[in-house]
Amino acid sequence: MKKILLSSMLLASAMFATDTDLTMATTTSTADTGLLDAIVPVYKAKTGVDLKFTAVGTGAALKMGQNCDVDVLFVHSPKAEKEFIEKGYGVERKAVMYNDFVLIADKSIADKFKDKDLKSAFEMIKAQNIKFFSRGDKSGTDNKEKGIWKSILGEVPEKDGFYSQTGQGMIATINIAAEQKGVTFTDRGTYIKYETNAKGNPDLVIVNEGDKALKNFYSVISVSPKHCPKTDIENADKFGNWIISEEGQKFIGEFRLMDKQLFTPDAATRKN
């Protein structure tokens, strides 16, 4: 079903694409937060290029680049991105911005996490069989969450009854966790969007944040014309250069919901 849906999205994009379109595969957080919806008209007014994006998990976005379905990627899974470049599928990974990941839980169980660090919080979830909802979609967030389980427990508790994988995007997974009064792991930007949707009174609240392991870095990558001869490398590079320019970085830094900054531009400071 997922493959059929993805194929339909790609077909729709192809049907409406023109010579002044730039096709992008991106992670759900850049779309769910509204950042890309805000960027599209600004970029078109500046360049005449219409940015057409498909929002999926980072794993699926990288696969779309590998399959030559898009011209540029805007994703957040550094290890997978570097492997993508090393295999010759993309060129020049550019640092764009970051936010961080947070652990969120239903208000009814939030007190359980008081004064616990990240390691203790994850250990308690397993020990007390607290319902945990993972995206399970090989997205950047999913990769990060599973990496934390492995670093703390030595493995991902996929066979344990408390651990469920939704196979869906971040907002959908948050809503499932809320319905089940459980816990999930999300990027802060998407949590702020969820908080905004709940008019500032969300069922799930942040119960762990700030650990140095929770930084969430986003990069842009042009699809390689050597691998995909028909890719629009010129416009892909132009977009990449714009989003890391002073203008693009200022736009990202000023993008807010509920007067909260969702992303911090870091093109000038991050060593990629």
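In table form, for the structure just shown:
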read-out	value
Charge context of Ala38, other residues only, Cβ under 14 angstrom, K/R +1, D/E -1	+1
In degrees, nearest ten, helix 35-47 long axis to first principal axis of the chain (Cα)	10
Estimated FRET transfer efficiency (Ser245, Phe162; beta-carbon r; R0 45 Å; 0.05)	0.45
Relative contact order (%) - segment 28-125, alpha-carbon pairs under 8 angstrom, separation at least six	14
Kirkwood hydrodynamic radius over Cα pairs of the chain, then Stokes diffusion coefficient at 4 °C and 1.567 mPa s, in µm²/s	68
Overall form of segment 140-180 per C-alpha gyration tensor (a/c, 1.5; a/b vs b/c)	oblate
Length gained when the stretch Lys107-Ala172 is fully extended (0.36 nm per residue, less Cα-Cα span)	21.6 nm
Under-5 Å amide H pairs with Asn216, H placed in peptide plane, nonlocal only	Asn99, Asp100, Phe101
Helix axis angle, 233-243 relative to the chain longest principal axis, alpha carbon, degrees	50
Stretch gain in nm, segment Gln261-Asn201, where the contour uses 0.36 nm per residue and the Cα spacing is subtracted	19.8 nm
Acute angle (nearest 10 degrees) that the helix 188-197 long axis makes with the longest principal axis of the chain, alpha-carbon atoms	80
Flagged links, alpha-carbon separation over 30 Å, of Lys94/Lys114; Lys46/Lys271; Lys79/Lys250; Lys146/Lys193	Lys94/Lys114
Dipole of the chain [Lys/Arg +1, Asp/Glu -1 at C-beta], most positive-end residue of Gly253, Val102, Met124	Met124
Segment 116-272 - percent relative contact order, Cα under 8 Å, separation 6 or more	19
Environment charge of Glu155, counting only residues whose C-beta is closer than 11 Å and scoring Lys/Arg +1, Asp/Glu -1	+2
Estimated distance in nm for a label pair at Glu83 and Lys230, the labels positioned 7 Å out from Cα along Cα-to-Cβ	2.8
Too-long pairs where the Cα-Cα distance tops 32 Å, listed order kept, from Lys159/Lys181; Lys107/Lys159; Lys63/Lys116	Lys63/Lys116
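Each reported figure results from applying straightforward, stated rules to the coordinates on display, with no laboratory input. Since the structure is predicted, the reported quantities are computational estimates derived from the model, not experimental observations. Note that each Cβ is placed from the backbone with ideal geometry, even for glycine, and that neighbours are counted across all protein chains shown.
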